[in-house]
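Below is one structure, written out as structure tokens, with a few remarks after it.
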Amino acid sequence: MRLLWIALVGLSAEVGWLAVGVLSGPLSHSPAFTAGLLDAYPALEATWRGVQAGLGVAWPLRPAVPAGALLGQPALIEPAVALATALLFLALVYVASLLVLSREAGRLGGAVWWVVGFSVVYQLTLLGLPGLFSQDVFSYLAYGHLTAAYGLNPYVWPPSAIAKDPVIGWVAEVWRTYACPYGPLWVDAQSALALGLDRWPIVDQALAYRGLASLLHVVNVALVWRLLGRIGPSRPAERVTALAAFAWNPLLLFELVGNAHNDGLMVSLSLLGVLLLADGGPRVALARRSRWAGLAASVCFTLGALVKYASGIGVIWLALAWAAGARGSLARVGRAAQVLAVSGLVALVVSVVWLELPDSLDPLLNETAGVGYVNALPDQLALGLAGLVGPLEQTAGPARAVERIGSLALLAAYLAWEARRLVRRPDATHVLAATVRSLLVYMLVVSTSVQPWYFALPVALAVLLGLRSALARLTLAYALLALPSLYLSYYLRDLVPGLVWLVYGVGPLLVLLPRLTAVVRRYHRQGDATPTRRLLVRSDVPVGVDHLALDARSDAGPRRSSGLARHESGGAQ
């Protein structure tokens, strides 16, 4: 019976992914990819048309007018809401599956294989999606062609430099004039793939990136399972549930497999770094570990940052925790310097071939500044308040300036708090938690540009804490709501009601209510346990003397008593 529950939630999720699949055609960010894929693989088109008929979806797989030409227009309301509904359905099934596994089903000996099996089924479905919800994969192809076919430095030359290359027409127009925003390790990977895929049709090259992303997800599932045996929950049901929280996560599957984002490689390297940190026990101070384990972990986090910069925060917290266990200020500085020096050396070795200073630094500067405001919660709040004061044309600029100052002040206060906390408990678990919190604070409070796939790394690291962790639940909640909310924002633009932003920004905080309630109850219990004070009316002491003080003296042991006290009349009133 318990296996039937696992099968039920697993099959329900597959229905959700099939619904996403038939909607990916009419909402595809790349109509050329959709048409090319369905033309090249007629059997795949027939399969999706059958699924479309079974689910009763009326929108065609090959729309006459691409979705990109209708952004922000009422014509996209119905299909965009349908996509958001399918993603919300997947989120609800995901939560239900975690509840099923955490109760009884997760204890079954074969439960882990059900989790892995359904994860593979979902990936196979996403590998054949007729549409793409992001065109980033074509940017990967273009930067790879720049280096492999033309010998150009992608940190200096944008894709528009090879305007006659066939792949340029597939790249999103806004990115054709931008130099590569990714780390040098990913540039190396793009170049290697370009050499191997050069003669393939562009559709098949994009599918190859999907296949690579799927393979990385399988590797990451294995790494998470290994880590859960070292750093995560010890009970079998909790361990299987945490694995499902990663393997079945809608955001990870949708963005890393379906849209082939390169965050999967960053996640792999970060998980490997955590694995090296957790060797010997999650609660053992890093100072008691082998020096080489800490340095090797810093190398992994650094390599992750050389794919995408987000995992670099792990290097900072690792250096601080590694230094905190040393005795003496000089020793602490030396340990932190070792970690940072090794990370810097690795970054230099990987990057040196692409360094053409100062031009090759421009993409990094553009990535961290001047990217505009996209899906930023503080910006939505600032503009909402500014609209109450006056016309946005006049109030938006000052409101955003105030919001930036406030966000950076909160970031500084948070970093000081986190550093103090980590110094007190410099172990692998707290390094992991600090990294997850930092990523969340940056994305939700500081960053002016947020995309759904940015949540991939915090989700991957958060599940290692176990689902009893409030931080893990909060991270998963934001990831689940980010998909429908931010894609509604993309398709409908100003037509998105403010309620969507309110639910996305505040809704996940509800998972913290049980913990806050427990804290309040503990506070009240402590208050109720405080002894009441009674007043004495005695002939030998003034009125109002605290009887607790007398009790404390009486509890100190036998002492000689005065005769007056021994023979007094009356008592406590």
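Right, residue 232: out of contact with any strand residue (DSSP E or B) (no Cβ under 6 Å at 6 or more places or on another chain), in contact (Cβ under 8 Å) with a residue 40 or more places away in the chain, in a loop (DSSP other than H, G, I, E, B) and assigned by TED's automatic domain parsing to the domain that holds residue 462 or not?
yes
Would you be able to say whether some residue in region 480-497 is among the aromatic types (Phe, Trp, Tyr), surrounded by 18 or more Cβ atoms within 10 Å (Cβ to Cβ), farther than 24 Å from residue 244 by Cβ and touching a helix residue (DSSP H, G or I) at 6+ places or on another chain (Cβ under 9 Å)?
Checking region 480-497: at least one residue is among the aromatic types (Phe, Trp, Tyr), surrounded by 18 or more Cβ atoms within 10 Å (Cβ to Cβ), farther than 24 Å from residue 244 by Cβ and touching a helix residue (DSSP H, G or I) at 6+ places or on another chain (Cβ under 9 Å).
Using the structure shown, decide if residue 17 is within 27 Å of residue 114 (Cα to Cα), surrounded by 16 or more Cβ atoms within 10 Å (Cβ to Cβ) and either hydroxyl-bearing (Ser, Thr, Tyr) or at pLDDT 95 or above (or both).
yes
Pairs under 6 Å by beta carbon, first residue under 16 Å from residue 473 (Cα atoms) in region 512-529, partner part of a helix (DSSP H, G or I) and modelled with pLDDT of 85 or more, six or more apart or different chains?
Sorted first by the residue in region 512-529, then by its partner, the pairs are 512/470; 515/470.
Looking at 446, 506, 450, 519, can you tell me which residue is surrounded by fewer than 23 Cβ atoms within 10 Å (Cβ to Cβ), at pLDDT 95 or above and either over 27 Å from residue 16 (Cα atoms) or in contact with a Phe, Trp or Tyr (Cβ under 8 Å, 6 or more places away or on another chain) (or both)?
After applying the criteria, what remains is 446.
Do you know which residues across region 437-465 are farther than 20 Å from residue 419 by Cα and either part of a helix (DSSP H, G or I) or without any contact (Cβ under 8 Å) to a residue 24 or more places away in the chain (or both)?
Scanning region 437-465 gives 452, 453, 454, 455, 456, 457, 459, 460, 463, 464.
Can you find a residue in region 371-389 that is at pLDDT below 95, under 28 Å from residue 176 (Cα atoms), of a type outside the set (Val, Ile, Thr) and surrounded by fewer than 11 Cβ atoms within 10 Å (Cβ to Cβ)?
Checking region 371-389: at least one residue is at pLDDT below 95, under 28 Å from residue 176 (Cα atoms), of a type outside the set (Val, Ile, Thr) and surrounded by fewer than 11 Cβ atoms within 10 Å (Cβ to Cβ).
Could you please give the count of residues in region 466-477 that are part of a helix (DSSP H, G or I) and either surrounded by 23 or more Cβ atoms within 10 Å (Cβ to Cβ) or out of contact with any helix residue (DSSP H, G or I) (no Cβ under 7 Å at 6 or more places or on another chain) (or both)?
3
Please go through region 107-160 and give me each residue that is surrounded by fewer than 21 Cβ atoms within 10 Å (Cβ to Cβ), within 22 Å of the chain's Cα centre (by Cα) and farther than 27 Å from residue 490 by Cα, ordered by number.
Scanning region 107-160 gives 116, 120.
List the pairs whose first member sits in region 1-29 and is over 18 Å from residue 241 (Cβ atoms) and outside any loop (DSSP other than H, G, I, E, B), whose second member is of a type in the set (Phe, Trp, Tyr) and at pLDDT 95 or above, and whose Cβ atoms are under 7 Å apart, counting only residues at least 6 apart or on separate chains?
The qualifying pairs are 14/122; 16/89; 17/122; 21/48; 22/48; 24/133.
The values are calculated or read from the model by the stated rules, or taken from the named source; none is laboratory data. This is a predicted model, so every value here is computed, not measured. Note: ideal-geometry Cβ built from the backbone for every residue, glycine included; neighbour counts use all protein chains shown.
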